[in-house]
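Here's the structure we're looking at; comments come further down.
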Amino acid sequence: MSVFKDGLLAGQVALITGGGSGIGAGIATRFAEQGARVAVLGRKLDKLEGVAQQIAAAGGQALPLPADVRDFAAVEAAVAQAISTFGQLDILINSAAGNFLSPAAGLSANGFRTVIEIDLVGTFNASRACFQALSKQGGSIVSITATQAWVPTPLQCHAGAAKAGIAKLTQDLALEWGSSGVRVNAVAPGPIADTEGMRRLAPDETDARSRLERKMPVGRWGRVAEIADAVLFLVSPAAGFITGTTLVVDGGQSLVGAGDLFG
Ligand code: HXC
Ligand code: NAP
């Protein structure tokens, strides 16, 4: 259940990349509960349709948009489809990402490039493709980054570099697009339970998982709904004077540092 009053996003349209699963799906669902019509973008149509059906069953409206964020033309076409279906676009959430654990010395050039292209280039592509529509009536972008952007973390040089790039892109886009009425922010989650991200970084049975849980200052991992509420705050009028910032929603994990968690 959300801590926000219902209908906060009534009349608005949001596009969520990576909206077919995990944190992106949680954001799409929370936005729909708050009255937004949502478009969910990802590569696999079945996942997108599953989320759209759940939203429709709860009385909301959702449009599945199969596309790869690395392909600018495909993203542009998906954005055009969202606008022709819903008539406007007010919010973009960049949640699409790819990640795996790999030592830098064993990571291929293509492995590094792949993560940079999904996370960082994909975030630029979607932001650039949405900018004109967002600037029509004033809009907002929130990108999902990670504390690996500034906390040195073993086996994560590809994802850390991509997320650090997103933090800087967030500042530069905020600087350039503020005068067009577009706010640009990011959210950096800590470890979030029941997500593909944590299944990859700390599988259930590993020591890394229990070490990570013990080291959390708040004593637990986060919930998808807690990230969705932080994003909802940033796109809401309550955050109307906030732009160019990364909101850390990590239960204090980055205060401790990564240490040998993934080592
Ligand atoms: C080393 C790997 C690898 C692995 C892939 N590669 N997996 N290298 N260890 N486990 C290398 C491949 O060998 C290849 O390089 C290159 O990466 C591209 O691999 P493909 O499989 O061709 O890429 P693609 O089909 O585009 O798939 C992208 C993917 C995949 C990232 C590899 O896992 C994916 O689609 N992920 C999406 C879902 C996901 O990752 N969700 C978690 C996000 S959470 P070569 O040289 O062989 O050609 C997240 C976590 C939290 O981001 C925060 C931390 C920042
Ligand atoms: P997830 O469920 O795997 O979400 C990632 C989504 O991105 C998937 O739905 C995937 O769908 C989509 N995607 C991947 N590559 C894509 C591409 N090339 N084009 C379009 N869509 C693509 O993982 P998650 O854990 O919820 O992560 C969501 C976001 O939160 C990510 O940005 C991640 O870095 C961030 N984050 C997560 C955690 C955590 O604890 N989970 C912590 C910090 C940050 P398809 O495969 O169908 O394309």
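The values are calculated or read from the model by the stated rules, or taken from the named source; none is laboratory data. Since the model is a prediction, treat every value here as computed from it, not as a measurement. We place every Cβ from the backbone using ideal geometry, glycine too, and count neighbours over all the protein chains shown. What goes into the accessible areas is simple: the full protein's heavy atoms, side chains included, and nothing from ligands, DNA or RNA. Shrake-Rupley method; radii C 1.70, N 1.55, O 1.52, S 1.80 Å.
Please quote Rg/Rh for segment 124-263 to two decimal places, taking the Kirkwood radius as Rh and restricting both calculations to Cα atoms. List each step's numbers first, then the result.
On the way: Rg = 16.1 Å, Rh = 15.9 Å.
Rg divided by Rh gives 1.01.
Between GLU196 and ASP6, what FRET efficiency comes out of the Förster formula 1/(1 + (r/R0)^6) with R0 = 35 Å and r the beta carbon distance, rounded to 0.05?
Once rounded, the FRET efficiency stands at 0.75.
Place the peptides 22-34, 86-98, 53-65 in order of packing, highest mean first, counting for every residue the other Cβ atoms within 10 Å and averaging per peptide. Mind showing how you got there, number by number?
Numbers: 22-34: 25.3, 86-98: 23.5, 53-65: 16.7.
Taking the mean over residues of other Cβ atoms within 10 Å, the ranking is 22-34, 86-98, 53-65.
Quote to one decimal, in nm, the extra length available between LEU255 and ALA164 on full extension: 0.36 nm per residue of separation minus the C-alpha distance between them. Mind showing how you got there, number by number?
On the way: separation 91, 0.36 × 91 = 32.76 nm, distance 1.71 nm.
Residue separation times 0.36 nm, minus the Cα-Cα distance, leaves 31.0 nm.
Leaving out ligands and nucleic acids, and using a 1.4 Å probe, what accessible area per residue does the chain come to in Å²? Please list the in-between numbers first.
Values: 11520 Å² over 263 residues.
Ligands and nucleic acids excluded, the figure is 44 Å² per residue.
Expressed as an acute angle from 0 to 90° and rounded to the nearest 10, what is the orientation of the C-alpha long axis of helix 224-235 relative to the principal long axis of the chain?
50 degrees
Just from its helices, what would the mean residue ellipticity at 222 nm be for the chain, if runs of 4 or more DSSP H residues each count -39500 (n - 2.57) and the sum is divided by every residue, rounded to the nearest 500 deg cm²/dmol?
On the way: 10 runs with 116 residues, N = 263.
After summing the helix terms and dividing by residue count, I get -13500 deg cm²/dmol.
Quickly work out the LEU101-to-SER210 label distance, labels modelled 7 Å from Cα along the C-beta direction, and quote it in nm with one decimal.
Computed distance between label sites SER210 and LEU101 equals 1.5 nm.
Per-residue HN-Hα couplings for segment 181-186, Karplus 6.51 cos²θ - 1.76 cosθ + 1.60 at θ = phi - 60°, whole Hz, x for Gly and Pro?
Result, ordered by residue: x, 10, 8, 10, 9, 9 Hz.
What nm value, rounded to one decimal, do you get for the distance between ARG113 and ALA238 when each label is placed 7 Å out toward the C-beta?
4.4 nm
Compute the helix-to-body angle for 157-177: its Cα long axis versus the longest principal axis of the chain, expressed 0 to 90° and rounded to tens.
Computed tilt is about 30 degrees.
May I ask you to derive the relative contact order of segment 62-200, considering only C-alpha pairs under 8 Å and at least 6 residues apart, and to give it as an integer percent? Provide the component values of the computation, followed by the final result.
Details: 204 pairs, mean separation 37.0, N = 139.
After rounding, I find 27 percent.
Of the peptides 216-229, 143-156, how do they stack up when ordered by the mean number of other Cβ atoms within 10 Å, highest first?
143-156, 216-229
Going by alpha carbons, how many degrees (0 to 90, nearest 10) lie between the helix axis of 72-86 and the longest principal axis of the chain?
That helix lies at roughly 50 degrees to the long axis.
Could you look at the chain and say what percent of its accessible area is carbon and sulfur, using a 1.4 Å probe and all protein chains?
On the way: 6320 of 11520 Å².
For the chain, the apolar C and S fraction of the accessible surface comes to 55 percent.
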